[in-house]
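Quick notes on the structure that follows.
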Ligand SMILES: Nc1ncnc2c1ncn2[C@@H]1O[C@H](COP(=O)(O)OP(=O)(O)OP(=O)(O)O)[C@@H](O)[C@H]1O
Ligand SMILES: [Mg+2]
């Protein structure tokens, strides 16, 4: 068992959709298995109301999907910096704050890392997006502060932060043989982050890398926003979104926005929210649509639908063919379809903003796209076909390198550990 002083600092990529943990031993960073042999843990927590237990990751999602009574929470990171962080929510063991829920999740990561390392680590470098919150530095600071509190409450004594795209750059640097100027593109579940950075085998050993980071940028747009957009376009109309009532007025849309936002779904299951949704019935001309909405809320199928839409997005991207979205949980036999063309069209506005942020980063670095030696892609959403298509078009002639979609940031954080700045 390692002595406390030899215990390495771990890197935690606390992602909107997936989290990962890495540590560096003998100069080599490696991802730790944290759910069976998997080196990622979906950022999901399930409070089982039947036996009053707490579950994480794939197990949490599986319990929810199997119909066990309880509360599933996903996209916890999206709450950082929002007013909801202050709110308490009911779980089986009482009222807890979201900061406390994030602390429980980080504690679980520490415990699982500890199983691999022989002792629960107390020093951590946590990744953070370039912006937790766009255009609001106060809320952005608050978001980092909440995450720091949560990490301390999780038992970490020494907490430092590093920008996620810089961490991704350190990971990329491990596998190149010549010095290059690279645009690092990290498109995750919640944010799209960019860095222009000078990397190279001779530079990796330097302790101070600040001169090598030429610019950063980021926008609060990621895979969960793509899911929401596709959900609103393909699924929610079947529950009454944009439906006109007897007086010709649209059904109020708030419930549909919340039902398609991963981090807000839970709020709709509260008694008050269900009552308000029931009262919408008079706004519907076709009450069958309202029946579906009520079935989804009363039987708590929101996350199930969001997950089905997410999977359809991935499948449509991978296969480039139309995908059926099963909605039988709302009504037997009900389904929707997502075609690659619909997807490209629905996501074009968001993707334009993501690409604009990439160009802003290059401009901020004082470069033109032709000056880049490569664009390095990481983050699950960087695999999205319409995104890659838009990026190739916009950065014509620049070599695109596809990296480790889910582990690169954590590995890079572990590489960054020796230069950590104390919190
Ligand atoms: N093949 C794929 N094509 C398109 N999107 C994908 C694919 N695989 C995963 N995704 C999406 O990638 C996202 C998760 O990516 P990742 O795990 O990198 O995010 P994260 O690190 O949790 O989020 P963030 O860094 O924004 O906090 C999800 O929205 C998921 O739907
Ligand atoms: Mg990420």
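A few notes on this one:
- Considering 328, 357, 324, the condition of being at pLDDT 95 or above, within 16 Å of ligand 1 (Cβ to nearest atom) and out of contact with any helix residue (DSSP H, G or I) (no Cβ under 7 Å at 6 or more places or on another chain) is satisfied by 357 alone.
- In the set (1) farther than 30 Å from residue 180 by Cβ; (2) surrounded by fewer than 19 Cβ atoms within 10 Å (Cβ to Cβ); (3) in contact with a helix residue (DSSP H, G or I) (Cβ under 9 Å, 6 or more places away or on another chain), residue 318 fails one condition alone, (1).
- Summed over segment 306-357, residues that are in a loop (DSSP other than H, G, I, E, B) and free of Cβ contacts under 8 Å to residues at least 60 places away in the same chain total 8.
- Test set (1) more than 24 Å from residue 208 (Cα to Cα); (2) surrounded by fewer than 17 Cβ atoms within 10 Å (Cβ to Cβ); (3) in contact with a strand residue (DSSP E or B) (Cβ under 7 Å, 6 or more places away or on another chain) - residue 158 fails condition number: (1)
- Scanning segment 177-195 for residues that are within 24 Å of residue 40 (Cβ to Cβ) and assigned to a loop (DSSP other than H, G, I, E, B) returns 188, 189, 190, 191.
- Checking each residue in segment 1-45 for being modelled with pLDDT of 90 or more and at positive phi picks out only 36.
- Being on the phi > 0 side of the Ramachandran plot, in a loop (DSSP other than H, G, I, E, B) and either within 16 Å of ligand 1 (Cβ to nearest atom) or touching a residue at least 60 places away in the same chain (Cβ under 8 Å) (or both) is not true of residue 397.
- Strands (runs of 3 or more DSSP E) wholly inside segment 19-111 containing at least 2 residues that are touching a strand residue (DSSP E or B) at 6+ places or on another chain (Cβ under 9 Å) and under 21 Å from residue 153 (Cβ atoms): 44-48, 53-56, 70-74, 88-91, 94-97
- Each residue in segment 360-390 was checked for being within 16 Å of residue 403 (Cβ to Cβ), near ligand 1 (Cβ under 9 Å from one of its atoms) and assigned to a helix (DSSP H, G or I), and 5 pass.
- Residues of segment 173-190 that turn out to be under 25 Å from the mean Cα position of the chain (by Cα) and modelled with pLDDT of 95 or more, as a count: 9
- Scanning segment 209-266 for residues that are farther than 28 Å from residue 341 by Cβ and within 16 Å of ligand 2 (Cβ to nearest atom), we see that the one that is farthest from the chain's Cα centre (by Cα) is 216.
- Residue 415 being assigned by TED's automatic domain parsing to the domain that holds residue 12, away from ligand 1 (no atom under 16 Å from the Cβ) and buried (at least 16 other Cβ atoms within 10 Å of the Cβ): yes
Here's the yes/no breakdown for (1) closer than 21 Å to residue 233 by Cα; (2) within 19 Å of the chain's Cα centre (by Cα):
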{"position": "317", "(1), (2)": "yes, yes"}
{"position": "337", "(1), (2)": "yes, no"}
{"position": "344", "(1), (2)": "yes, no"}
{"position": "400", "(1), (2)": "no, no"}
{"position": "410", "(1), (2)": "no, yes"}
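- Among residues of segment 206-221, those that are touching a helix residue (DSSP H, G or I) at 6+ places or on another chain (Cβ under 6 Å), outside any strand (DSSP E or B) and crowded, with 17+ Cβ neighbours inside 10 Å, counted: 1
The values are calculated or read from the model by the stated rules, or taken from the named source; none is laboratory data. From a predicted model like this one, the values you see are computed outputs, not experimental measurements. Methodologically, a virtual Cβ is constructed for each residue, glycine included, from the backbone with ideal geometry; neighbour enumeration extends over all protein chains shown.
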